[in-house]
Amino acid sequence: MKTILSKEQLALTIKRLAHQILENHPRLEDTVIIGLQPRGIFLSDRIVQELEKLVPPATIQYGKLDITFYRDDVRKSLHIASNTDIPFSIENKNVILVDDVLYTGRTIRAALDALLDYGRPAKVALCVLVDRRFSRELPIQPDYLGKAIDTIYSQRVTVLWKENNDSEQVMLLDN
């Protein structure tokens, strides 16, 4: 077990990601942020909290997307669906998808499929906390990145949040 990001590093990384998003989307005009259920919403909630310190909260359009039934592995194991909450149109908007760990890319592919049920965005960008760089099965890369790490197949990246754990950190675990 190895710590990739401590609680303090995690907070700084989230703050940096929020600033990078604002740098590319000043005033967040025509931009929406969508957290991927279930684990991506912890990161997206934090990014939105940081953005609310920098711009008027009313300018932030924030939604949550469940991709359970868009996954290509849904039949292989039991999945419990989460709620989708996108209370705005994404038609011709800049969409920033937010997830905690980018691994094979299959979750993001499913998110892109699910997103089309809510309209056709002008552009889709990806924001992730951790990129497991050399494990990709699909040609998907993050636009906003907290930390890139090199892992092997037997390792697992775990992101701990105070909402569902006693601590906040990112860990690399050997199985």
Cross-link pairs Lys15/Lys123; Lys2/Lys64; Lys93/Lys162; Lys2/Lys162 - those with Cα-Cα distance over 28 Å: Lys2/Lys64; Lys93/Lys162
Selection from Gln9, Tyr153, Gln61 lying farthest towards where the dipole of the chain points positive, charges on Cβ: Tyr153
Selection of chymotrypsin sites (Phe, Trp or Tyr not before Pro), region 101-175, meeting DSSP coil and at most 12 other Cβ within 10 Å: Tyr153
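Dipole magnitude of region 38-170 about its Cα centre, charges +1 at Lys/Arg Cβ and -1 at Asp/Glu Cβ only, in debye to the nearest 20? Please report the intermediate quantities before stating the final value.
On the way: 18 positive and 19 negative charges, 66 e Å.
Here the size comes out at about 320 debye.
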Farthest toward positive dipole pole in the chain [+1 Lys/Arg, -1 Asp/Glu at C-beta], among Gln37, Ile86, Gln141: Gln141
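Report the trypsin sites (Lys or Arg not before Pro) located in region 61-166 that are in a DSSP loop and have at most 10 other Cβ atoms inside 10 Å of their Cβ, or state none. Write down the numbers at each step before the final one.
Working: sites: Lys64, Arg71, Arg75, Lys76, Lys93, Arg106, Arg109, Lys123, Arg132, Arg133, Arg136, Lys147, Arg156, Lys162; in loops: Arg71, Arg75, Lys76, Lys93, Arg136, Lys162.
Those satisfying the criteria are Arg75, Lys76, Lys162.
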Cβ-derived FRET efficiency at R0 35 Å, Gln141 paired with Asn175, nearest 0.05: 0.85
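Laboratory data are not the source of any read-out in this text; all were calculated from the coordinates shown. Remember, predicted model here, so these are calculated numbers, not experimental data. All Cβ positions, glycine included, derive from the backbone under ideal geometry; neighbour counts span all protein chains shown.
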